[in-house]
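Colleague: Could you have a look at this structure, given as structure tokens, before my questions?
Throughout, read-outs are computed from the coordinates displayed, never taken from laboratory work. As the structure is a computational prediction, the values presented were derived from the model and not from experiment. As a convention, Cβ positions derive from the backbone with ideal geometry for all residues, glycine included, and neighbour counts pool all protein chains shown.
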Ligand SMILES: C[S@@+](CC[C@H](N)C(=O)[O-])C[C@H]1O[C@@H](n2cnc3c(N)ncnc32)[C@H](O)[C@@H]1O
């Protein structure tokens with residue numbers, strides 16, 4: 001039976017690969033690396049470096065494939081179908097990789113950024129491939145350190161306040177307002193800098209870009225003060241590198257609700 005490992009590799013800092021991940025890396029025959037295009041080639045390079053560092057004996061194969069582009073123009077009601085089509089296109093690729101590049105008794109691995117359980121579609125895609133029934137395999141998941149854990153560690157703060165909830169959401173959702181009953185919100189996948197809409201409220205921001213890498217930028221403080229600085233640094237970094245990955249925690253003072 002073919003065996004697949006979905007390995008969380010942390011969000012950028014090579015030291016945040018777990019011992020379990022290293023052990024599984026060393027027992028894997030084939031690594032599938034999905035390239036998201038030129039601008040993200042840094043991330044592909046990081047995966048290659050990780051393999052070279054942790055599997056010094058070599059003996060593994062790396063198979064690269066191009067991840068299909070997602071139609072990000074689709075907004076509102078069209079958002080979900082666009083994601084669905086993109087998932088199916090990815091499932092086609094994963095199915096082909098597993099069928100054609102992995103021998104019956106071999107093990108393969110997908111190296112997933114951060115933790116595979118958080119805003120990542122690999123597990124859903126593998127389930128879709130299994131449901132199609134064209135290829136059989138078993139799979140397991142190795143947790144990784146997410147960008148959320150890395151963010152709050154770098155800012156030396158917790159995610160929640162005492163006995164209070166915390167919610168992880170997207171920039172798209174935050175645009176609709178703070179979630180009901182929640183004053184601590186972690187925001188991912190926000191290309192629009194949605195935090196700006198809270199500049200007039202008593203909200204602190206803990207922001208990080210390229211966390212764990214040599215390009216890491218961290219800013220924290222009340223949004224009214226930190227916001228304009230983040231906007232400037234973000235624009236400069238995006239211009240310089242051609243892409244950006246940032247995450248932030250918004251912490252609202254409940255007294256100001
Ligand atoms: C598709 S999600 C994947 C999240 C990943 N599974 C995790 O556990 O962190 C991508 C988003 O994660 C966040 N992200 C991932 N790595 C990051 C990093 N090194 N620094 C800042 N944000 C990061 C950004 O919000 C980015 O838009």
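Colleague: So, R0 is 22 Å and r is the distance between the beta-carbons of residue 18 and residue 189; what FRET efficiency does that work out to, to 0.05?
Modeller: Calculated transfer efficiency: 0.35.
Colleague: Could I ask something else about it? Can you tell me how much longer the chain between residue 162 and residue 42 gets when fully stretched, taken as 0.36 nm per residue apart minus their C-alpha distance, in nm with one decimal?
Modeller: 39.4 nm is the gain from fully extending residue 162 to residue 42.
Colleague: Have a look at 68, 116, 143 and tell me which one the Gaussian network model of the chain (Cα, springs below 10 Å) gives the largest fluctuation.
Modeller: The residue with the greatest mean-square fluctuation here is 68.
Colleague: Of 130, 159, 17, which is the most mobile in a GNM of the chain whose springs link Cα atoms less than 10 angstrom apart?
Modeller: Highest fluctuation among the options: 130.
Colleague: Can you classify region 75-189 as rounded, prolate or oblate using the Cα gyration tensor, where a ≥ b ≥ c are the square roots of its eigenvalues, rounded means a/c under 1.5, and otherwise it's prolate if a/b beats b/c and oblate if not?
Modeller: Oblate.
Colleague: How big is the gap, in Å, between the Cα center of region 147-218 and the Cα center of region 119-136?
Modeller: 30 Å
Colleague: A follow-up question, please. What angle, in degrees between 0 and 90 and rounded to the nearest 10, separates the Cα long axis of helix 41-54 from the longest principal axis of the Cα atoms of the chain?
Modeller: The angle comes out near 60 degrees.
Colleague: Next up: Arrange the peptides 85-92, 52-59, 206-213 so that the one whose residues have, on average, the most other Cβ atoms within 10 Å appears first.
Modeller: 206-213, 85-92, 52-59
Colleague: Over the chain, with a Gaussian network built from C-alpha contacts below 10 Å, which listed residue (176, 128, 225) shows the highest mean-square fluctuation?
Modeller: Most flexible of the set in this elastic network: 176.
Colleague: Given a Förster distance of 45 Å, report the FRET efficiency between residue 27 and residue 154 from their Cβ-Cβ distance, rounded to the nearest 0.05.
Modeller: 0.90
Colleague: If r is the Cβ-Cβ distance from residue 175 to residue 235 and R0 is 22 Å, what FRET efficiency results, to the nearest 0.05?
Modeller: Plugging the Cβ-Cβ distance into 1/(1 + (r/R0)^6) gives 0.65.
Colleague: Something else now. With the Cα gyration tensor of region 142-257 giving a ≥ b ≥ c as the square roots of its eigenvalues, does the rule (a/c under 1.5 for rounded; else a/b larger than b/c for prolate; else oblate) give rounded, prolate or oblate?
Modeller: oblate
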